[in-house]
2 protein chains.
Amino acid sequence: MSITAKTIQAERGKSFFDINDMDTFMNGSEYIQRRQKSLKIIKSEKIFDQKDVYFMSRTEKIEKGLMQEKRVVELLREGKIEPKDVSVIFDILDWSAAFELTRAAFIPTLEQQCNDDQRVAFLEPALRYEIIGCYAQTELGHGSNVRGLETTATYIADTDELEINSPSLTSTKWWIGTLGVVATHACIMAQLYVEGRHIGLFPVVIPIRSSDDHKPLPGITVGDIGPKMGFNAVDNGFINFNKVRVPRFNLLQKFITLSKGGEVSRPKNINPRATYGTMVYIRANIIRNMGRQLTKGITIAIRYTAIRRQFGEPGQLEKPVLDYDIVQYRLIPLLAKTYALIGMSHEFTAEYEKTAALVKQGDFSKLKEMHAVSCGLKRWTSNVAIYGVDTCRHVCGGHGYSMFSGLNEFFANIYPNIIWEGDNFVLAKQTAMYLVKSAHALMNRESVEPNSTTNMIRKFLNFDNMIPTHDLFTWSTKSGEEISMDNNILLDVLGFKVISLVYSLHELVYKKGLGWDELSIQSQPLATAHSEYIVCLYYNRKIETLPLNSPLRPILDILFKISALSFVTRDTGELYSLEKGASMNRNQVAGLEEAYIKYIKLARDQAVPLVDALGVPDEKLNSSLGKYDGNVYEDMMERVFQDPLNRVESGDKTRKRLYDNYISPIIHYKSSKI
Amino acid sequence: MSITAKTIQAERGKSFFDINDMDTFMNGSEYIQRRQKSLKIIKSEKIFDQKDVYFMSRTEKIEKGLMQEKRVVELLREGKIEPKDVSVIFDILDWSAAFELTRAAFIPTLEQQCNDDQRVAFLEPALRYEIIGCYAQTELGHGSNVRGLETTATYIADTDELEINSPSLTSTKWWIGTLGVVATHACIMAQLYVEGRHIGLFPVVIPIRSSDDHKPLPGITVGDIGPKMGFNAVDNGFINFNKVRVPRFNLLQKFITLSKGGEVSRPKNINPRATYGTMVYIRANIIRNMGRQLTKGITIAIRYTAIRRQFGEPGQLEKPVLDYDIVQYRLIPLLAKTYALIGMSHEFTAEYEKTAALVKQGDFSKLKEMHAVSCGLKRWTSNVAIYGVDTCRHVCGGHGYSMFSGLNEFFANIYPNIIWEGDNFVLAKQTAMYLVKSAHALMNRESVEPNSTTNMIRKFLNFDNMIPTHDLFTWSTKSGEEISMDNNILLDVLGFKVISLVYSLHELVYKKGLGWDELSIQSQPLATAHSEYIVCLYYNRKIETLPLNSPLRPILDILFKISALSFVTRDTGELYSLEKGASMNRNQVAGLEEAYIKYIKLARDQAVPLVDALGVPDEKLNSSLGKYDGNVYEDMMERVFQDPLNRVESGDKTRKRLYDNYISPIIHYKSSKI
């Protein structure tokens, strides 16, 4: 047994808790079952082996992804898997393939916007994979601002058709997933014109490639948009329409009716906030996903730093790098945040589902806070996960830079989560506006929907000084160490940091009269503080579902404290500058910083069992460094011989060509000129 | 003319200074001449066109790089370029190719470690490219800790040879640039044993591939280590020795003599600090390079955000995103830091050259500070540049994620600068140790070499309270706005932030008795604060070389203030917690933050001219978004048709295969099962 394998085994022996119990608590038994089922399929079919992905060109990746999609559709048709399993399979394969955006955007749009006849014509064949569609909104020159979109759909009364046109270069639809080489249909968002009148932006379904030979239909220019930082098994594409005609029927008509002859009407019982709900739904999925993605990064980094050795006492084995303070300081808080993210996402999902159920009944009362929370958490979770994965790569040292680390293609694939569905810097304003407006209403004693956010604001507004300062600012007379020991006080500090930033912004808006466009900079720290508070609040709730004597509790509690303290001490200027009676002094801050490091050290020995309990299989890690059995270097050596440049025959041939054409002429040229 | 081209032209019209004068001031006329000469060559030969790089597989990249290397060697042999031009050419081509590590590591090692006979045998043919070598130190299981290296070189007296051996899997040399498919020779670092005695780590030159057919010589297993995050035109390789014999002569013998029969001696006049000098030299190159690299990122981001439009007033053109506060807040300070980095690097280089000249004369007095400063600046400049490029990508929105942005392969290629030549987190300790030890010596009134760092420490130690507090803490009675207006006060604040952190660490070391291994966390903010101080100090010196009435001064001064204020306000906890008489209050901090935003806004209109003046040619940018002429979307559309998936014939064939094999069988399967 190699030293590295022995080392990781010894780490596992240090566990104070049962790994399976923890897996069940964190992931839930339903997910674990689905994971096991998918894993079994992946292990049994060569087509799902992802080891060769790191050697592939873009075209090879698209082909491999398509091959897998085809097999997945077969498994569905054979009844061996359910539609719900598909995302779990691709989650373990750890990439998105060619049909990703059919499932994630085309089908959901049809579900929301088709009338009954259109469901039969479009949605049902799409669900049966008889048509493969994409959802085309973004244009080359236009992103988030949908009003800026240029593509037009003009009603032609004579033939009862719509004419789709791209009036300029910048109106070319761009970035459309599943469009580049795959899609048979596109659902495009276009500016609808009827009898010269601009009606608004609406979706139109357009057949784009011939069902005989897949060639573009007349008037259509379509192709792939080229290589990207990541996501290269998906064929993001572009499309341009030169006066393409489709039947009027192809305008999706749930939220609008266009009748023969050009009469436009809209159903009455449509609440404009319904679309608001869609954005919340998409962001909720990102939030849940980000925690799950971070599990991969942290598993690789913890396992590898536990076995990678550098320096140490002379004459002894070098010291595992995870034993160094500076490595612990970078990794353990990230492990704690991974637990916080996954823990909180259960509570968040419950809140989300409550809200969605109410919306279905026409009750939108919870939607505003859900929107604000989900904007904030989309921003916060994607930042933490993506730059967390970057930290994971960095602590792996040189080998982190190899594709075999599993962290590079992965980083590139999850990166766009900070950009899409609302750029992270833009989203902050949404959260800040809700907070400041709620505070303003409360200050004016207006009635405000009670929820986690407004309850906290109300508490600290402390009307009529009901609560003495000393009880309100629970931390004020405590030392840093005392604060760190009490989860409720930590939550109070995190909550009041939010309130303090809300007060500042409130003053700028309501006293100095600044507009929200002028407050985008100040909105950033507020959105961050709010998300940190919500994450701790929800994660704490999740922990409290365990019995008090649960053996899982002690370590989960330590992880809570590490997360909370990392947020509390993140910007100590925020602590020093709190209002009188609430602000902290140097000793308190120093005490908090010491406590933070103390808890990090306490968690060190549980790090390997804690990542084991997250249940990320080797198949998803696709990493030499993160291998469960610790045989890191053996795995690297094995992978290296699969490299195209090293392969027997094909590699020999390549190397011979390189030598004959370039190296040999250089070294065999005799001269002393230089 | 497109709107985007018009927009960028209008931006250029706002310039308050002469772009060529600024280029000359920042880059120096020698560099500009070399850049122009190289650019002319690059433009005139198709082989140097890098547009196809984004579509290439790893093997294709290596081949293209080799092709270019061959041409460069020809140009050298034809006398059309000098050796000094080579790095400028590859800097504009914006990648490292196959011979990179021959030039950057193999040849410098030979230059330092060969005796006279060895110069003739190894160095001269290497300079003539008749042998291509690599420098092999790192092993699969061993990185920075050279004592941990396992490869052995054992002297065999019988045959007067050295036997090179790799005793384990982990002893395999790994990550060695130019080794994977190219090198004919390796200079390896091995543990030297003579008559059973361990002598130490020494370099040995080993022929590794046959000069007839380039096949590995007997006993040698060699290959490429596979794909990496970036740097994929370089063939990083691995090599393993099974008792390979070379003549004793191949042990490089400048710092050791091994005579026939096994007598070992070392020359007497060798100062152990000489190797110290090599590390400083390599880090100094990284420091100079990081500023130059950031110019590419910032040029792309400023130009694209100036023409990219999003939202705005109804009925008007959308607003350029660079007009939004939150975009300015992320980009303008980065532009300011780019200027600070390049500006300071002239002063830094002057300091470095002074130190190197003294070292040559046997005077090591300046080496300690140079070592501390260069560790700190290597860490700081690489962090700023790499995560700065990431910010540049993020502000470009969705298109930043396309390879055509020019920012993705680039980010991946410069990324390892945070890891190699001392991991950034490890380097912090080197700087912190020097600072704390110098302060300790000064506190004990010991004599200490005067330099920028110790002068500042001495000033604030303020022996015998020579300076009244009020004059020492120049900022203490000033408002935030007043502080921001005086560059010397800003430098004082930055300097005292360093001192304050030095005091804290000094107490932990000399009063609480903590070891440096326990202070790695606390060393990070100190190293950061010190680099920020040095950068501002050196950049300010560079500005002060201009006449007072120079038209370049006003904008350079604004950029100085933006950099300094970004450092001052980076962690306001550091300002609140300064000692009594020095600490700042809420109003001062708020005033500094307001001033910071004010100066950012002042620089906004000069942003495009300022990046123009950095002189980065389109050939280096290799970016649709950063195009000088502003024709961004036209360029994207042009590039897209070069994509292998879209090409006429070859692309058609690929798409047909994908359709026939995967898409058609899926969509034409008729069933209603799912």
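Is there a residue being within 30 Å of residue A:534 (Cβ to Cβ), in contact (Cβ under 8 Å) with a residue 40 or more places away in the chain and in contact with a Gly (Cβ under 8 Å, 6 or more places away or on another chain) anywhere in region A:270-278? Yes, that holds for at least one residue. For region B:133-167, a residue qualifies if it is modelled with pLDDT of 95 or more and of a type in the set (D, E, K, R), and the qualifying residues are B:139, B:150, B:158, B:160, B:161, B:163.
Consider region B:72-91 and keep the residues that are at the interface with chain A (Cβ under 9 Å from one of its Cβ atoms) and part of a helix (DSSP H, G or I). The one that is surrounded by the fewest Cβ atoms within 10 Å (Cβ to Cβ) is B:83. Hey, any hits in region B:342-352 for a residue that's acidic (Asp, Glu), surrounded by fewer than 17 Cβ atoms within 10 Å (Cβ to Cβ) and under 28 Å from residue B:31 (Cα atoms)? Checked against the condition, which is being acidic (Asp, Glu), surrounded by fewer than 17 Cβ atoms within 10 Å (Cβ to Cβ) and under 28 Å from residue B:31 (Cα atoms), region B:342-352 yields no hits at all. If I filter region A:241-252 for residues that are over 23 Å from residue A:127 (Cα atoms) and crowded, with 19+ Cβ neighbours inside 10 Å, do I get at least one hit? Scanning region A:241-252 turns up at least one residue that is over 23 Å from residue A:127 (Cα atoms) and crowded, with 19+ Cβ neighbours inside 10 Å.
Just checking, how many residues over region A:137-166 are within 14 Å of chain B (Cβ to nearest Cβ) and not basic (Lys, Arg)? Explain how you work it out, then say what you get.
Initially, region A:137-166 is screened for residues within 14 Å of chain B (Cβ to nearest Cβ), giving A:137-150, A:166.
Restricting the remaining residues to those that are not basic (Lys, Arg) gives A:137-146, A:148-150, A:166.
Going through region A:137-166 one residue at a time, the tally reaches 14.
Could you tell me which residue of region B:101-113 is farthest from the other protein chains (Cβ to nearest Cβ), considering only residues that are touching a helix residue (DSSP H, G or I) at 6+ places or on another chain (Cβ under 8 Å) and surrounded by 22 or more Cβ atoms within 10 Å (Cβ to Cβ)? Applying the filter and picking the extreme gives B:110.
Candidates A:621, A:625, A:614, A:592: the one that is outside the structural domain of residue A:31 (by TED's automatic domain parsing) and among the aliphatic types (A, V, I, L, M) is A:592. Residues of region B:602-643 that are of a type in the set (Lys, Arg) and within 11 Å of chain A (Cβ to nearest Cβ): B:639 alone. Applying a threshold of 8 Å to beta carbon distances and a minimum spacing of six or more residues, or different chains, the list of pairs starting in region B:186-203 at a residue that is over 14 Å from residue B:255 (Cα atoms) and ending at one that is among the aromatic types (Phe, Trp, Tyr) and not in a strand (DSSP E or B) reads B:187/B:106. Residues in region A:571-581 include at least one that is facing chain B (nearest Cβ under 8 Å), without any contact (Cβ under 8 Å) to a residue 24 or more places away in the chain and within 30 Å of the chain's Cα centre (by Cα).
Check A:69, A:63, A:130, A:124 and return the single one that is in contact with a Lys or Arg (Cβ under 9 Å, 6 or more places away or on another chain), assigned to a helix (DSSP H, G or I) and of a type in the set (Asp, Glu). Spell out the reasoning first.
Numbers: A:69 fails: in contact with a Lys or Arg (Cβ under 9 Å, 6 or more places away or on another chain); A:130 fails: assigned to a helix (DSSP H, G or I); A:124 fails: in contact with a Lys or Arg (Cβ under 9 Å, 6 or more places away or on another chain).
Only one candidate passes the filter, namely A:63.
Among the residues examined, residue B:511 qualifies as free of Cβ contacts under 8 Å to residues at least 40 places away in the same chain and either within 21 Å of residue B:424 (Cβ to Cβ) or surrounded by fewer than 22 Cβ atoms within 10 Å (Cβ to Cβ) (or both).
Please list, ordered by residue number, the strands (runs of 3 or more DSSP E) wholly in region B:143-255 having 2 or more residues that are within 30 Å of residue A:406 (Cβ to Cβ). Passing ranges, in order: B:173-176, B:185-194, B:220-224, B:237-241.
Looking only at residues of region A:124-135 that are surrounded by 21 or more Cβ atoms within 10 Å (Cβ to Cβ) and within 14 Å of chain B (Cβ to nearest Cβ), we find that the one that is nearest to the chain's Cα centre (by Cα) is A:134. Condition check: crowded, with 18+ Cβ neighbours inside 10 Å, without any contact (Cβ under 8 Å) to a residue 40 or more places away in the chain and in the same structural domain as residue B:249 (by TED's automatic domain parsing). Does residue B:143 satisfy that? Criteria met by residue B:143. Checking B:120, B:73 one by one, the residue that is of a type outside the set (Gly, Ala, Ser) and out of contact with any helix residue (DSSP H, G or I) (no Cβ under 9 Å at 6 or more places or on another chain) is B:120 and no other.
Filter region B:644-663 down to residues that are surrounded by fewer than 14 Cβ atoms within 10 Å (Cβ to Cβ) and outside any helix (DSSP H, G or I) and give me whichever is nearest to the other protein chains (Cβ to nearest Cβ). The qualifying residue nearest to the other protein chains (Cβ to nearest Cβ) is B:648. Based on what the data block shows, is residue B:26 farther than 19 Å from residue B:100 by Cα, in contact with a helix residue (DSSP H, G or I) (Cβ under 6 Å, 6 or more places away or on another chain) and surrounded by 14 or more Cβ atoms within 10 Å (Cβ to Cβ)? Considered against the rule, which asks whether it is farther than 19 Å from residue B:100 by Cα, in contact with a helix residue (DSSP H, G or I) (Cβ under 6 Å, 6 or more places away or on another chain) and surrounded by 14 or more Cβ atoms within 10 Å (Cβ to Cβ), residue B:26 comes out as yes.
Here residue A:365 fulfils each of the conditions (1) assigned to a helix (DSSP H, G or I); (2) in contact (Cβ under 8 Å) with a residue 24 or more places away in the chain apart from (1).
Looking at region A:415-439, which of the residues that are within 15 Å of residue B:398 (Cα to Cα) and free of Cβ contacts under 8 Å to residues at least 24 places away in the same chain is surrounded by the fewest Cβ atoms within 10 Å (Cβ to Cβ)?
The qualifying residue surrounded by the fewest Cβ atoms within 10 Å (Cβ to Cβ) is A:420.
Would it be correct to say that residue B:519 is within 12 Å of another protein chain (Cβ to nearest Cβ), over 17 Å from residue A:573 (Cβ atoms), crowded, with 16+ Cβ neighbours inside 10 Å and more than 24 Å from the chain's Cα centre (by Cα)? Criteria met by residue B:519. Looking at B:186, B:190, B:157, can you tell me which residue is in the same structural domain as residue B:110 (by TED's automatic domain parsing) and touching a Gly at 6+ places or on another chain (Cβ under 6 Å)? The unique qualifying residue is B:157.
When residues in region A:456-482 are screened for being more than 30 Å from residue A:599 (Cα to Cα) and surrounded by 13 or more Cβ atoms within 10 Å (Cβ to Cβ), 4 of them pass.
Residue by residue, here is whether (1) at the interface with chain A (Cβ under 10 Å from one of its Cβ atoms); (2) surrounded by fewer than 23 Cβ atoms within 10 Å (Cβ to Cβ); (3) assigned to a helix (DSSP H, G or I); (4) on the phi < 0 side of the Ramachandran plot holds:
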| position | (1), (2), (3), (4) |
| --- | --- |
| B:258 | no, yes, no, yes |
| B:264 | no, yes, no, yes |
| B:282 | no, yes, yes, yes |
| B:287 | no, no, yes, yes |
| B:312 | yes, yes, no, no |
| B:315 | no, yes, no, no |
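Answer yes or no: is there a residue in region B:221-236 that is in contact with a Pro (Cβ under 7 Å, 6 or more places away or on another chain), away from chain A (no Cβ under 14 Å) and within 29 Å of residue B:419 (Cβ to Cβ). Among the residues of region B:221-236, not one is in contact with a Pro (Cβ under 7 Å, 6 or more places away or on another chain), away from chain A (no Cβ under 14 Å) and within 29 Å of residue B:419 (Cβ to Cβ), which makes the answer no.
Counting only helices (runs of 4 or more DSSP H) that fall entirely inside region A:376-491 and contain at least 2 residues that are of a type in the set (A, V, I, L, M), the qualifying elements are A:408-414, A:424-443, A:452-461, A:480-485. Which residues, taken from region B:365-400, are within 14 Å of chain A (Cβ to nearest Cβ) and basic (Lys, Arg)? Those that are within 14 Å of chain A (Cβ to nearest Cβ) and basic (Lys, Arg): B:379, B:393.
The values are calculated or read from the model by the stated rules, or taken from the named source; none is laboratory data. Every value quoted in this text rests on a predicted model; they were computed, and no experiment measured them. Virtual Cβ from ideal backbone geometry, glycine too; neighbours counted across all protein chains shown.
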